[in-house]
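The values are calculated or read from the model by the stated rules, or taken from the named source; none is laboratory data. All values reported here derive from a predicted model rather than from experimental measurement. We place every Cβ from the backbone using ideal geometry, glycine too, and count neighbours over all the protein chains shown. Side chains included, ligands, DNA and RNA excluded: accessible areas come from the protein's heavy atoms. Shrake-Rupley method; radii C 1.70, N 1.55, O 1.52, S 1.80 Å.
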Amino acid sequence: MLKERIEFLSKRKQISRKDLVEGLVTQAHFANILAERYPLPEDLAESIAERLGVSSSYLLRTAVQDEQTLARAEAIFVQMSVPASTIPEETVHALEDRDDSLTVELTTALMKAVYYQQLNDAAAHEYIHTSYLNFYLEKYGRPDDVQLPGPLTKALLFYKIQYYRSKQAFVDVLTHVTRLSALTEPGSELWLSIQNIQMEAYIHTRHYEEAKRTFEQTMKHVYDQRLFHRLSSLYVAYSGYCFTMGLLQEALSALSMAEANLVYAGNHGDLVTAIANNRIVMLTMSGELDQAQTEIERFENLLEAETKETRQAMKPLLLVYRCEVASARKSWGMLAQSVDQLLSCAVTEDQRMNAVFYQSQLALAHGEQDTFLTQAQACLPYFESVQQSLRLESLYEGLAVVSEDQRRYKEAAGYYRKLVYLLRRTK
């Protein structure tokens, strides 16, 4: 760990290893220290620390992994592994970015990154990566066989799970959530959260029997231990399983059960949003557009009781719902109006790309082929990167047809091939 920390500090200070140890020790001997063949002497640590602009303890205690240090790292992991909306902002700010122990420091950075990702704070998320995390992820994030202290291993796995979830890469999610589950105490709050994520990953990777078994085992544990505050989130996850299996009414019933058990839940906000989101999406995808519209309006009414900041944050999501229903109904005037509103308030890349997608569908409906091509090709890379099948199906089909109409047969054939591959993969 000392080697990685010194490399990071040297890179930040733009000082070569040769200049770092000039007049202090030979490069060969210093390489042996970094390889942990020899200990770092205190006097050498003081001299190198001065050149790097840090304290000597920041180097001497880099790799410390005593019981107290690991307990601090574990406490930070546990504290930050709950939904971001339940963590007070001042709690996050109170966590020191720098710590003599790299285990504590890196655990903190990883969990802060997850926090910023969940809050869609793109600026803070980008800054913590460019100023710190990218370097250490290059060292520790790629190989899965790197031996790290327990709390840091869990923080890294949790970070990877959230990262791959954001990319809809559920094969990778399943790999890492399975590893994290094995490191987590059964019955703990984190373990229960992991079971929900594992169910989600099983559903997306079509391991349906495993998904149902995970739900049943977790539900039994919840009832045996009387952990009723977890019922709503479990039913939300189960609704996704039912819907994927084509059981719409069972999925909607599961959401009703999730809503009925909100009385036990401590964090109503995220769950209410998840329940509403699942209902609206399921009804829209099933063609129950009148019911979907009713749910959108119901969700809007619920939000009236929330703060102004919450209502503003949820506005783009509601507009995406409205756009989807309008598009399914081919209500082009309503879609155009909703898209304009969405473009004016979109804050995330996903919201902006959805707005461009709807613009492309409007152009296609009005026969504006060149405009459609421009807009479809603008949002296509994003939806390919997150593997959003429904969007890709519409885009590939539209691009293939328009390219064929314009006698660009090679491009049309390429889009048809992508469409066929997508349909085969999503059967």
Listed residues 195, 388, 225, most fluctuating in the chain (Gaussian network, C-alpha, under 10 Å): 225
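Might you tell me the accessible area per residue for region 306-426, computed with a 1.4 Å probe and given in Å²? Working shown, then result.
Details: 6490 Å² over 121 residues.
Counting only protein heavy atoms, the per-residue value for region 306-426 is 54 Å².
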Separation between Cα centres of region 51-97 and region 348-380, rounded to whole Å: 44
Answer label, with mean projected area of the Cα convex hull in nm² calculated from the coordinates and candidates (1) 26.7; (2) 20.7; (3) 24.6: (3)
Region 108-176 versus region 401-427: alpha-carbon centroid distance in Å: 36
Degrees separating the helix 289-303 axis from the principal Cα axis of the chain, which is the longest one: 50
Extension gain (nm, one decimal) between residue 168 and residue 3, 0.36 nm per residue minus Cα-Cα: 56.0 nm
Space enclosed by the convex hull of the alpha-carbon atoms of region 306-426, per residue, Å³: 108
Computed FRET value (nearest 0.05) for residue 213 with residue 256, which takes r as the C-beta separation and R₀ as 30 Å: 0.80
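What is the gain in length, in nm to one decimal, between residue 410 and residue 330 on full extension, counting 0.36 nm per residue of separation less the C-alpha to C-alpha distance?
On the way: separation 80, 0.36 × 80 = 28.80 nm, distance 3.01 nm.
Value of the extension gain: 25.8 nm.
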Percent carbon-and-sulfur accessible area, region 184-301, ignoring ligands, DNA and RNA, probe 1.4 Å: 50
Label-point gap, in nm, between residue 122 and residue 304 - each point 7 angstrom along Cα→Cβ: 3.2
Among 383, 319, 182 the positive-end extreme of the charge dipole of the chain (Cβ point charges): 383
Crossing angle, helix 102-118 versus the chain [Cα axis fit, 0-90 degrees, rounded to tens]: 20
Relative contact order of the chain, pairs being alpha-carbon contacts under 8 Å that are 6 or more residues apart, as %: 7
Exposure of residue 389 as accessible area (Å², to 10), given a probe of 1.4 Å and all protein chains: 40
Separation in nanometres of the label points that stand 7 Å from Cα toward Cβ, at residue 96 and residue 228: 4.4
Point-to-point label distance, residue 340-residue 27, nm (Cα→Cβ direction, 7 Å offset): 6.5
For region 184-301, accessible area per residue (1.4 Å probe, heavy atoms of protein chains only), Å²: 48
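Given Cβ point charges of +1 (Lys, Arg) and -1 (Asp, Glu) and nothing else, what value in debye, to the nearest 20, does the dipole of region 254-412 about its Cα centre take? Present the calculation step by step, with values, prior to reporting the outcome.
On the way: 13 positive and 22 negative charges, 28 e Å.
The dipole magnitude comes to about 140 debye.
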Farthest toward positive dipole pole in the chain [+1 Lys/Arg, -1 Asp/Glu at C-beta], among 170, 365, 247: 365
Å² of accessible area per residue within region 1-61, as computed with a 1.4 Å probe and no ligands counted: 59
Computed helical MRE - 222 nm, the chain, DSSP H runs ≥ 4 contributing -39500 (n - 2.57), nearest 500: -24000 deg cm²/dmol
For residue 129, solvent-accessible area (1.4 Å; no DNA, RNA or ligand), Å²: 20
Cα-centre dipole for region 184-301 with unit charges at Cβ (Lys and Arg positive, Asp and Glu negative), debye to 20: 260
Proximal aspartates and glutamates to residue 212, defined as alpha-carbon separation beneath 12 angstrom and excluding residues fewer than eight positions away on the same chain: 200
Pairs beyond 28 Å (Cα-Cα), from 139/167; 154/220; 112/418; 167/410; 3/112: 112/418; 167/410
Additional length obtainable on full extension of the chain from residue 11 to residue 263, 0.36 nm per residue less Cα span: 85.5 nm
Region 184-301: C-alpha gyration tensor shape, a/c 1.5 cut-off, then a/b vs b/c: oblate
Computed over region 1-61: relative contact order in percent, which uses C-alpha pairs under 8 Å that are six or more apart: 32
Check: the chain dipole with +1 on Lys, Arg Cβ and -1 on Asp, Glu Cβ, in debye: 1160
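Could you tell me the calculated FRET efficiency between residue 423 and residue 129, based on Cβ-Cβ distance and R0 = 60 angstrom, to the nearest 0.05? Each step should come with its number before you reach the end.
Details: r = 36 Å, r/R0 = 0.60.
The formula returns an efficiency of 0.95 here.
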